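Since every read-out is calculated from the coordinates, none of them should be taken as a lab result. All values derive from a computational prediction rather than experimental measurement. Ideal geometry is used to build each Cβ from the backbone, glycine not excepted, and the neighbour counts take in all protein chains shown.
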Amino acid sequence: MGGKSSKPSKVDRTKVEELERQQKILMKQNADLAKRFAEQEEENQRKHQENVEEMAKMILMMAMQAGAHETVIKKESREIDIDGVTYELMEFVNRGGFGEIHKGKVKGKGTVVAIKVMDYTPAFEQELKNEIEFLRLMKKIPINNHPVIEYYGSKLTKEGIFIAMELAACDLATFWISKINEGDAQELAIIGMIIILYVLRALTFLEKLNIIHGDIKPQNLVIVPNEKSFSIKLIDFGTVEKMNTRVAQMTVDVTKGFTLYFVSPEFLKRNSKNLICRHLHKKSDAWAAGVMFYLLFCGGIPWDDQQDYENFCNDPDARDPVVPDIGGYKAIIELLLKKNPEKRSSSKATLLQLQAHPVFGKLVEALRPNFGPVDDVCNMRVPNDVRQGLLRLARPGHVASDDSPGSTSGVRMSCRYGRNCTRNDTDHQQKFAHPGDSDYRAPQAGAEGGKPACRYGADCFRKDPDHLERYSHPAKCRYGSDCYNNDPDHRKQFAHSMKDTSRTVRSEKPRCRFNESCTKRSDREHMKSFLHD
């Protein structure tokens, strides 16, 4: 016979009921807490969105004010017909390296435009044709918030060539100089980051077309107002070059125009015969953007004069420029200011890093609803007729460099997928070398099963599966954000958590007055209290 089953006592039932009651109370408290957290997060996002909207409106207002104070060289009163539209020229407002800028309006409508006037000479015939053809082709690319100034028409006369285009409020140099004197560091940091994002967007647009602008500088990026906000657009395409998709570098004519410091080191590098090579790399514009950001946000350039810069370009042991930790731009600018173009970040890669950044990524998302996405250019579709038209921009005598990693001199670019590549089409096989081919160069192995190492190493912010599957990344330092080992080799070998990334927008810590000469870097309390390079 089986034993008798014991029934729970009244005391036991009371304890169970009490535990169940406490559990329900705890679950309700957790649910209420989660709801409050969600509401707080939503409120924070709303306030952040409002702050960004206000900041963008402020940029627009300041750009209009800066444009209103532009110097009028001469008042005018004449008319010109361009592509069937009559324009009334009102003011001569600027003289640039490639011509004069006049302000005009459409007769009978009052629409204000910019009219660029350039002397027609045989020496600059190709530049003129290239600029006009490029602007015509850009109108055919369907994209909102277009990053290239809008072209209306052109006309050749005895006086020269007249090009009618969209009128900008001011260029970035004028805008930033007018703003820098007004003060608030937090406000300047956000405005500066908005400028960086939209400049990188414009340059990514060119990279997608395999186009090198060739003269990126603050004067050639302008702020154009629209109904609710603004656009940052590229102008002056007289130096534009079309790259062959198979090459990373090309050699151009010795007479090609450039702006000192903004022109990349490979352009001024001398060969064994002490002759300047005049190389352009597909990342030459990215270098120029880095110099431009350094100039705008750090208040100068890293070189003393022309001789200092040319020595930097030709010194094989010259180190990359050191960027001051001002406003949170240091890491971004250093990605672009790599002397070796193969190590230099492209505009697209830098833009994607910012999008994945824990702090700057929030700004990217906040800009999207009212001012348009900054990453739409990464996936834009280019009509076939535009691609064919761009091919005609290639200039005679401008050829792939013999030392270009992807030149047509028999050396193909190595396929990033190596043995894992699944593409067998002829076009891909002609462009890229694979393991077993004589010109295949194996990528530098990373820590994860022979994957190529991510060029950003410990500084990479991208977490998307496609990127993580392709590239290896450094192991995490066991000390995380508490690590005070600032040795460059250690920082490169190990990743550190980004607990202090909010400092990239605005740091509350004062800078150590001894900076690089500081001897207290091993003092934990000192390092917590003061900033160092």
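Points worth noting:
- Segment ASP83-VAL382, length gained on full extension (0.36 nm per residue, minus Cα span): 105.1 nm
- Sorted by Cβ neighbour density within 10 Å, fewest at the top, the residues THR174, THR259, THR350: THR259, THR174, THR350
- As a rough footprinting exposure proxy, the listed residues SER347, SER178, SER231, SER77 were ranked by other beta carbons within 10 Å of their own, and the order from fewest upward is SER77, SER178, SER231, SER347.
- Excluding same-chain neighbours fewer than eight residues apart, the lysines reachable from LYS15 by a Cα-Cα span under 24 Å are LYS4, LYS7, LYS24, LYS28.
- Sparse packing (at most 15 other Cβ atoms within 10 Å of the Cβ) combined with a DSSP loop state is found for the following GluC sites (Glu not before Pro) in segment 271-354: GLU342.
- One equal scatterer on each Cα of segment 87-241, no solvent, Debye formula: the resulting log10 I(q)/I(0) at q = 0.17, 0.19, 0.20 Å⁻¹ is -1.07, -1.30, -1.41.
- Stretchable slack from GLU227 to TYR484, in nm (0.36 nm times residue separation minus alpha-carbon distance): 87.6 nm
- √(5λ) per eigenvalue of the Cα gyration tensor, segment 271-335, largest first, Å: 24, 14, 10
- Under the criterion of Cα pairs below 8 Å and six or more residues apart, the relative contact order for segment 170-400 equals 24 percent.
- Across q = 0.21, 0.22 Å⁻¹, segment 307-371 modelled as identical point scatterers on its alpha-carbon atoms has Debye log10 I(q)/I(0) values of -0.93, -0.98, in the order of the q list.
- Here, P(r) means the percent of Cα pairs in each 5 Å bin from 0 to the largest distance; for segment 200-243 it is 5, 21, 29, 24, 12, 7, 2, 0.
- Taking 20 °C and 1.002 mPa s as conditions, segment 246-294 diffuses translationally at an estimated 189 µm²/s according to Stokes-Einstein applied to its Kirkwood radius (Cα pairs).
- Across the cross-link table entries LYS256/LYS330; LYS103/LYS140; LYS269/LYS451; LYS139/LYS463; LYS116/LYS338, which are compared at the Cα atoms, the separations over 29 Å belong to LYS256/LYS330; LYS269/LYS451; LYS139/LYS463; LYS116/LYS338.
- Positive dipole terminus of segment 137-210, leading residue within PHE175, ILE195, MET138 (C-beta point charges): MET138
- Around the amide H of ARG511, modelled in the peptide plane, lie the amide H atoms of LEU531, all under 5 Å away and 5 or more residues distant in sequence or on another chain.
- Once backbone amide H atoms are built at 1.01 Å from N, VAL113 has GLY104, LYS105, VAL106 as its partners under 5 Å, excluding neighbours fewer than 5 places away on the same chain.
- In this rough spin-label picture, where each label sits 7 Å from Cα along the Cβ direction, the MET27-ASN340 distance is 6.0 nm.
- Here the Karplus curve 6.51 cos²θ - 1.76 cosθ + 1.60, taken at θ = phi - 60°, turns the phi angles of segment 268-282 into couplings of 9, 5, 9, 8, 5, 9, 6, 9, 5, 6, 6, 8, 10, 10, 5 Hz, with x standing for Gly and Pro.
- Over segment 170-400, volume per residue of the alpha carbon convex hull, in Å³: 140 Å³
- Pair LYS15, GLU365: separation of 7 Å Cα→Cβ label points (nm): 4.7 nm
- Residues whose placed amide H lies under 5 Å from that of GLY153, excluding near-sequence neighbours: ALA164
- Along the axis of the charge dipole computed for segment 170-400 (Cβ charges of +1 for Lys and Arg, -1 for Asp and Glu, origin at the Cα centre), the listed residues GLY389, SER346, GLN307 are led at the positive end by GLY389.
- Working note: Cα atoms of segment 74-165, range along each principal axis, descending, whole Å: 35, 34, 24.
- Contour excess over end-to-end distance, with Cα ends at ARG524 and TYR120 and 0.36 nm allotted per residue: 138.8 nm
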